[in-house]
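Notes for the one structure printed next.
Any read-out appearing in this document is the output of simple, stated calculations on the displayed coordinates, not a laboratory observation. From a predicted model like this one, the values you see are computed outputs, not experimental measurements. No Cβ is skipped: glycine too gets one built from the backbone with ideal geometry, and neighbour counts run over all protein chains shown.
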Amino acid sequence: MVPAGDESPAVQENAIAADKQNSNQPPGGGLEALTGLLPPGLTLDLAPEEEAVVRDALEEPISLAARSPLVRKALAVAAAAHRGQTQKGSGRPYILHPVAVAHLLVEAGCGDGVVAAGLLHDTLEDTSLTLGELHDQFGGEVASIVAGCSEPHKSVPWETRKRHTLKVLKNAPWAVRVVICADKLDNALSLAVDYEEQGDALWDRFSRGRDDQAWYYRSIVQRLSEGPELYEPGLELLHQLRRAVQDLFDQGT
C-alpha cells in the first residue's frame, strides 16, 4: 500500500490534476452538474430515494457542492457505483453511508482528498470499480487511501477479513486511519438507531452475532487508540467512536 496523507499542497494539486478536465464545472449545481463529472461507463440514473440523498449532500450542512471538483466527482462516482444497492437489514439506499462518512470527515475539518476517499471507501469492496480506475480518475493519493480502507474479498472468512483491517490499522497512515474511524463511527451510530427499533433481533442480519461484532468494534477502537496518533482533525472522531461503541454494546447487558 502506498503511504497516504492529505494535507500537503503538492498532494492536493496532484490529486485535483486527475480531475482537471472537469474543473470548469460551476460550483454547486445539481445532479446535472455531477453527471458531467462522471467517467465513461457510469450514469446517475438513480432511484428517487438515492437521488434525494445526493441532492441533500450538495446542500447544507454538508454542502459538498462547495467543495473542490475532486469531492464533487467522488460523490458522483460513489452514487453511480453504488446505484441500486441497499444497506444490510434496513433497506436504506447504500449511498447514505458514504455520504454520512464524508459528512463526518467534513465536520472534523479534513481536506478534500480525505473527504473524497471517504465517499469512495467502499467502492473497491462493493462495486465493480477497480483500483486502477480510481487511480486514473482521482490520483494515487485518493486511490491509496481507499485501498487501505478495503477488506479482502467477501469470499475470505469473516474473521480473516476483520483481522486484516486490524493489522492494517497498526501502522496505517493517518488518512487511512481517519477514514476507517469515520466509517466505523457511522456504522455504530446506524446500528444504534436500528437497535432501538429491533432490539437483539438486529444481530440476526449479520453472519456473526453480537459478541463477535462487539469484539471487532472494540478492537478497532483499541487499535486506533494504540497505533500512530489520530491528531486533529480526527481525534474527536475517535472520541465519538469510543462513546458510540460503548453505548451500542452496553445496551441490554
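Observations
- Net +/- balance of residues flanking Ser207 in space, Cβ distance below 14 Å, scoring K and R +1, D and E -1: +2
- Projected onto its three principal axes, the C-alpha set of segment 9-250 covers 50, 39, 35 Å, listed from the longest axis down.
- Cα convex hull volume per residue for segment 103-156 (Å³): 79 Å³
- For segment 89-141, the relative contact order is 28 percent, taking Cα pairs closer than 8 Å that sit 6 or more residues apart in sequence and dividing their mean separation by the residue count.
- Over the chain, dividing the summed -39,500 (n - 2.57) contributions of all DSSP H runs of at least 4 residues by the number of residues returns a 222 nm mean residue ellipticity of -19000 deg cm²/dmol.
- Cα gyration tensor of segment 59-110 - equivalent ellipsoid semi-axes, whole Å, descending: 21, 13, 8
- Counting 0.36 nm for each residue step from Lys88 to Ala52 and taking away their Cα separation leaves a gain of 11.0 nm.
- For Glu59 and Arg243, the difference between the fully extended length at 0.36 nm per residue and the C-alpha to C-alpha distance is 63.4 nm.
- Modelled label positions at Leu235 and Glu107, each set 7 Å beyond Cα in the direction of Cβ, lie 1.9 nm from each other.
- Full extension of the segment from Asp212 to Glu125, taken as 0.36 nm per residue of separation minus the current Cα-Cα distance, would add 29.2 nm.
- Using a Gaussian network model of the chain in which every pair of alpha carbons under 10 angstrom is joined by a spring, one finds that among Pro61, Pro173, Pro98 the greatest mean-square fluctuation is at Pro61.
- A quarter of the convex hull surface defined by the alpha-carbon atoms of segment 178-253 gives 4.9 nm² as the mean projection.
- As an equivalent ellipsoid, segment 140-211 spans semi-axes of 26, 16, 10 angstrom, where each value is the square root of five times an eigenvalue of the C-alpha gyration tensor, largest first.
- Within the shell of other residues whose beta carbon sits under 12 angstrom from the beta carbon of Asp183, the net charge comes to -2, with Lys and Arg scored +1 and Asp and Glu -1.
- Relative contact order computed over the chain (Cα-Cα under 8 Å; 6+ residues apart), in percent: 20 percent
- Taking the Cα centre of the chain as reference, the dipole from Cβ charges on Lys and Arg (+1) and Asp and Glu (-1) amounts to some 700 debye.
- Protection proxy ranking of 236-246, 39-49 - average other beta-carbon atoms within 10 Å, highest first: 236-246, 39-49
- Neighbours of Leu31, meaning other residues whose beta-carbon lies under 15 angstrom from its beta-carbon, give a summed charge of -3 when Lys and Arg score +1 and Asp and Glu score -1.
- Projecting the Cα atoms of Val106, Leu185, Trp215 onto the charge dipole of the chain (Cβ charges, centred on the Cα centre) puts Trp215 farthest toward the positive pole.
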